[in-house]
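Engineer: Right, I'll just put the structure down here and ask away after.
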Amino acid sequence: HPAPRETGVPPVQSPPPPAHCAPPDARVQPVQPAPDAPPRAPRDTGVPPVRPASESLLPNLTPIPPGPCAIGVSGGADSVALLFLLAQNPNLQLHIVHLNHQTRGQSSTADAEFVAHLAQRLNLSSTISTRADIESSLGPATLPPNPSARFRALRQTLFRRVCAEYHLHGVLLAHHADDQAETLLQRLLRGSSPPGLSGMQPDHTIDRLRILRPLLSIPSAALRAYLASIHQPWREDASNTSAAYQRNRIRHLLHSHPDLSYLLLTLRLSMQRLSDWSLDAAPVLPSAFAISQLANLPDILADRAARQWLAAQGVPHDELSPSVIASLLTMARDAASPPRRHFPGRILIARRKGIIAVVR
């Protein structure tokens, strides 16, 4: 039998210590092996050995294609857990990507430094950028005004650039089962249709960026327990507890009612099946289509056809809200409605002589 690898992390005692977080000025420090530890074959990977906690998680990860891939790491528990779980995979070549949103002063800077230390410890390449750098390269007019949508667009821009520069096949994100339940409830409150209620997908492409989410079946508590079992700290974002944000209020509600999370995830499975059927059944509209081609469809198929057509015309995927889709349906079904409308992505759509098309 080969000698155990030198990882810099001592064996975990049972039971594991409680979950913990790094203080604001936390830095990753190598942990020395116990004085009485047996000799180990040296291997400078910085990755803790597989422990029972990770052995129970690894089979539940969505399969990830081998090869080079970016991984988004904020420094929070979820992304740090994903990083350490996947750093054990010899078939993956990871490139860490971090965007400093510059919203929390020194705390944001400390998050970036924490991620940089993780990359150095694990001997992984990394790209760490700032919001100001990405915004200056895009121009404010190209970004959505909503802060959450704006930050998401900036992250996706950074991911897309890194994947292109380093020839990576996509980006790995740490969304988990709790995030999925929160997303479902948030979309229910917005009145989303079945495609929206099918939730986040484990493998999805947006504007030529492949996004992989291998943790969608794993709850957040299991990820934190795993980090505790390997004595790995993480960063905590104080804004995640602020009641000023709807997402945080939803998270607090679901933590208080875990049975509701289960019901939401069950609903997602049903909506996924319905969404898959509507995708197969809905017609693909041409770039210029007669209003009857959309107006005469049943609502569920009209919604799907309108969504697909708007996406094909350049409306950003994350801005295909129920109200945006309803606007196109109104143009097709109500002759008294305005014949020209502006849509997200600076798309102008017009209705003329019974034909709807984008004004180029």
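Engineer: Quick one: which helices (runs of 4 or more DSSP H) lie wholly within the stretch 158-242 and hold at least 3 residues that are acidic (D, E)? Before the answer, list the steps.
Structural biologist: Working: elements: 177-190, 194-197, 220-229.
Ranges flagged: 177-190.
Engineer: Also: Do you know which residues across the stretch 242-264 are closer than 30 Å to W309 by Cα and modelled with pLDDT of 95 or more?
Structural biologist: L264
Engineer: Hey, can you tell me all the residues within the stretch 56-96 that are aliphatic (A, V, I, L, M) and in a helix (DSSP H, G or I)?
Structural biologist: Selection gives L57, L58, A77, V80, A81, L82, L83, L85, L86.
Engineer: Okay, moving on. Taking the residues in the stretch 259-270 that are surrounded by fewer than 12 Cβ atoms within 10 Å (Cβ to Cβ) and within 22 Å of the chain's Cα centre (by Cα) as candidates, determine which candidate is farthest from A332 (Cα to Cα). Give the steps one after another, and end with the answer.
Structural biologist: Step one: list which residues in the stretch 259-270 are surrounded by fewer than 12 Cβ atoms within 10 Å (Cβ to Cβ), which gives 259, 266, 269.
Then keep just the ones that are within 22 Å of the chain's Cα centre (by Cα); that gives 266, 269.
On the way: T266: 34, L269: 31 Å.
Restricting to residues being surrounded by fewer than 12 Cβ atoms within 10 Å (Cβ to Cβ) and within 22 Å of the chain's Cα centre (by Cα), the top hit is T266.
Residue-wise test of (1) in a loop (DSSP other than H, G, I, E, B); (2) touching a helix residue (DSSP H, G or I) at 6+ places or on another chain (Cβ under 7 Å); (3) exposed (fewer than 15 other Cβ atoms within 10 Å of the Cβ).
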site: V284; (1), (2), (3): yes, yes, yes
site: L294; (1), (2), (3): no, yes, no
site: D303; (1), (2), (3): no, yes, no
site: L310; (1), (2), (3): no, yes, no
site: G314; (1), (2), (3): yes, no, yes
site: S323; (1), (2), (3): no, no, yes
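Engineer: So, one more: Give R273, R340 a once-over and let me know the one that is among the basic types (K, R) and either within 20 Å of R190 (Cβ to Cβ) or over 28 Å from the mean Cα position of the chain (by Cα) (or both).
Structural biologist: Values: R273 fails: either within 20 Å of R190 (Cβ to Cβ) or over 28 Å from the mean Cα position of the chain (by Cα) (or both).
So the residue among R273, R340 that is among the basic types (K, R) and either within 20 Å of R190 (Cβ to Cβ) or over 28 Å from the mean Cα position of the chain (by Cα) (or both) is R340.
Engineer: On to the next question. Count, please, the residues in the stretch 102-133 that happen to be on the phi > 0 side of the Ramachandran plot and either assigned to a helix (DSSP H, G or I) or modelled with pLDDT of 95 or more (or both). Walk me through how you get there before you give the answer.
Structural biologist: Quick first cut of the stretch 102-133, residues on the phi > 0 side of the Ramachandran plot only: 102, 105, 123.
Okay, now just the ones that are also either assigned to a helix (DSSP H, G or I) or modelled with pLDDT of 95 or more (or both), so 123.
Here the count works out to 1.
Engineer: Can you list residue pairs whose Cβ atoms sit under 8 Å apart, with the first residue in the stretch 212-226 being polar (S, T, N, Q) and the second being at pLDDT 95 or above? Count only pairs 6 or more apart in sequence or on different chains.
Structural biologist: Correct list of pairs: S217/A177; S220/A77; S220/D78; S220/H176; S220/A177; S220/D178; S220/D179.
Engineer: Does R131 satisfy the criteria of being closer than 16 Å to L212 by Cα, among the charged types (D, E, K, R), buried (at least 16 other Cβ atoms within 10 Å of the Cβ) and under 20 Å from the mean Cα position of the chain (by Cα)?
Structural biologist: Numbers: closer than 16 Å to L212 by Cα: no; among the charged types (D, E, K, R): yes; buried (at least 16 other Cβ atoms within 10 Å of the Cβ): yes; under 20 Å from the mean Cα position of the chain (by Cα): yes.
So R131 does not fit the description; no.
Engineer: Conditions first: (1) in a helix (DSSP H, G or I); (2) modelled with pLDDT of 95 or more; (3) crowded, with 18+ Cβ neighbours inside 10 Å. L99 passes all but one, so which condition is the exception?
Structural biologist: Of the numbered conditions (1) in a helix (DSSP H, G or I); (2) modelled with pLDDT of 95 or more; (3) crowded, with 18+ Cβ neighbours inside 10 Å, the odd one out for L99 is (1).
Engineer: Next question, about the same structure. In the stretch 240-275, what residues are touching a residue at least 24 places away in the same chain (Cβ under 8 Å) and more than 22 Å from D78 (Cα to Cα)?
Structural biologist: If the condition is that a residue be touching a residue at least 24 places away in the same chain (Cβ under 8 Å) and more than 22 Å from D78 (Cα to Cα), then L267, M271, Q272, L274, S275 are the ones that fit.
Engineer: I would also like to ask the following. What number of residues within the stretch 218-246 satisfy the criterion of being surrounded by 15 or more Cβ atoms within 10 Å (Cβ to Cβ) and within 17 Å of the chain's Cα centre (by Cα)?
Structural biologist: 5
The values are calculated or read from the model by the stated rules, or taken from the named source; none is laboratory data. In this text the structure is predicted, and so the values were computed from the model without any measurement. We place every Cβ from the backbone using ideal geometry, glycine too, and count neighbours over all the protein chains shown.
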